[in-house]
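Below is one structure; the comments refer to it alone.
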Amino acid sequence: MLPKPISVSGIKSQYISNEWIELDVYFIGPQATAKLTIEAYLVQDLEAKLPAGIDVLGPEGFILNFDQKVARIASYNNMEFRISVNVCVDSENERLVTSQTKTLSFG
């Protein structure tokens, strides 16, 4: 339990957290396994499904290649592992997604 609640920022909202945990997350590749210890704040009703945010992914050097469905972790000698990409088809909100190469509309 935290001595004082803190504000945790999500993608669209801010949440209050009273608790945090430390967990080991394993990424299993065809030739190696990477173990990351992550400190995470517990937040009720958080929409994000990732166990870690950019505060973990960035410093570890994660590269997510959605076209090839693989991820690479630079801090683990560029260890590569498969990822799955799922499209949420029940979303009723149209969202505009912009990238450096093309613009797509999902919805």
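The values are calculated or read from the model by the stated rules, or taken from the named source; none is laboratory data. These numbers were taken from a predicted model, which means no experiment stands behind them. Here the Cβ positions follow ideal geometry from the backbone for every residue, glycine too, while neighbour counts run over all protein chains shown.
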(Q) Report every pair of residues separated by at least 6 positions or lying on different chains whose Cβ atoms are under 9 Å apart, first residue within the range 28-47 and farther than 28 Å from residue 2 by Cβ, second of a type in the set (Val, Ile, Thr) and surrounded by fewer than 15 Cβ atoms within 10 Å (Cβ to Cβ). (A) 34/25; 34/28
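Results for (1) surrounded by 10 or more Cβ atoms within 10 Å (Cβ to Cβ); (2) in contact with a Leu (Cβ under 7 Å, 6 or more places away or on another chain); (3) of a type outside the set (Phe, Trp, Tyr), shown as yes or no for each residue.
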position: 18; (1), (2), (3): yes, yes, yes
position: 22; (1), (2), (3): no, no, yes
position: 27; (1), (2), (3): yes, no, no
position: 36; (1), (2), (3): yes, no, yes
position: 39; (1), (2), (3): yes, no, yes
position: 44; (1), (2), (3): no, no, yes
position: 61; (1), (2), (3): yes, no, yes
position: 64; (1), (2), (3): yes, no, yes
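Determine which member of the set 90, 45, 55, 24 is modelled with pLDDT under 80 and not in a loop (DSSP other than H, G, I, E, B). Steps first, answer last, please.
Values: 90 fails: not in a loop (DSSP other than H, G, I, E, B); 45 fails: not in a loop (DSSP other than H, G, I, E, B); 24 fails: modelled with pLDDT under 80.
After applying the criteria, what remains is 55.
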Q.
Of everything in the range 71-88, what is of a type in the set (Val, Ile, Thr), surrounded by 12 or more Cβ atoms within 10 Å (Cβ to Cβ) and in contact with a Phe, Trp or Tyr (Cβ under 7 Å, 6 or more places away or on another chain)? Give them in sequence order.
A. 73
(Q) So, in the range 55-70, how many residues would count as being within 19 Å of residue 40 (Cα to Cα) and out of contact with any Phe, Trp or Tyr (no Cβ under 9 Å at 6 or more places or on another chain)? (A) 5
